[in-house]
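Here's the structure we're looking at; comments come further down.
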Ligand code: NAP
């Protein structure tokens with residue numbers, strides 16, 4: 001029997017609808033400042049999608065587009081202004097930045113209460129300590145998918161492949177917060193397949209196309225594929241979907257799995273940041 005294919009587009013739609021309903025009830029709408037530096041076409045497309053979906057949810061679009069040669073000092077000053085601007089309730093600095101800029105210093109400058117990407121050191125610390133704060137969008141989108149499909153997390157063996165600040169690490173912490181037993185794998189893990197084979201919930205964010213194949217998956221496991229790769233055969237993930245779907249109990253496709261959740265969770269964070 002084939003796995004249940006987790007429909008990220010549908011779950012994301014329902015998150016967006018709920019956000020729009022709550023935004024409509026606020027006295028003043030949230031305002032999201034997306035900050036795009038330069039003209040990288042992929043970044044421009046991501047930002048366009050974020051702005052469009054925010055506007056559709058009733059969030060004010062307070063976008064800033066800066067030239068690719070903007071200095072660290074000027075960009076820092078823009079972030080300071082956005083931090084001080086009461087109309088701006090959320091700030092998103094689109095990554096990657098041009099090479100002459102220091103992304104860690106710039107992200108660290110964002111007011112953590114407006115940090116809708118959940119990437120500042122203070123947001124990371126709040127997550128690590130389990131206190132209130134804005135959580136990174138992609139890993140919280142994964143938790144939302146698990147909840148939408150009523151996947152039991154408490155007590156489950158959860159394996160996360162990848163330990164980036166953007167996905168793997170916060171993913172592991174979010175699963176721990178939900179009382180899973182969490183293993184984190186990375187490029188030095190000795191026997192990746194053996195570790196993955198223990199997982200009731202396997203979340204793969206390695207950035208390696210089709211790294212995980214059916215023989216590394218425990219029968220009936222829930223497999224969440226965060227990877228996105230443009231290949232000659234179209235978009236592919238970090239999991240070999242066609243074989244994995246015959247072993248897993250539930251699995252996300254690429255596209256249409258985790259991808260749509262990231263912007264939906266950005267809207268959710270933008271709403272949360274606007275509520276004291
Ligand atoms: P990243 O910063 O490159 O991190 C990749 C992680 O995977 C690292 O921790 C690395 O280990 C580990 N890794 C690499 N090769 C491995 C291997 N052969 N076996 C085990 N672990 C391995 O990537 P990222 O930003 O976390 O993104 C991961 C993937 O998710 C990418 O495909 C990216 O495009 C995608 N992504 C999708 C979304 C979305 O919205 N759907 C959002 C963000 C990212 P080391 O630490 O040891 O180097």
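Nothing in this text is a laboratory measurement; each read-out follows from the coordinates by a stated rule. This structure is a prediction, so every number in the text was calculated from the model and none was measured.
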Exercise for the section: Report Rg/Rh for segment 28-111, rounded to two decimals, where Rg is the Cα radius of gyration and Rh the Kirkwood radius. Expected result: 0.95
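Dividing the alpha-carbon radius of gyration of the chain by 2.2 N^0.38 Å (N being the number of residues), what value is obtained?
Working: Rg = 18.8 Å, N = 276, 2.2 N^0.38 = 18.6 Å.
The value comes to 1.01.
What number, in nm² with one decimal, is the all-direction average of the projected area of the convex hull of the alpha-carbon atoms of segment 159-249? The partial results should precede the final answer.
Details: hull surface 22.7 nm².
Dividing the Cα hull surface by four gives the mean projection, 5.7 nm².
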Practice task
Could you give me the radius of gyration and the Dmax of segment 1-156, taking only the C-alpha atoms into account and expressing both in angstrom?
Solution key: 17.2, 58
Exercise for the section: Please find, in a Gaussian network model of the chain (springs between Cα atoms separated by less than 10 Å), the residue of 58, 90, 168 whose mean-square fluctuation is greatest. Expected result: 58
Exercise for the section: For n ≥ 4 DSSP H runs only, could you compute -39500 (n - 2.57) per run for the chain, divide by its residues and tell me the 222 nm figure to the nearest 500? Expected result: -12000 deg cm²/dmol
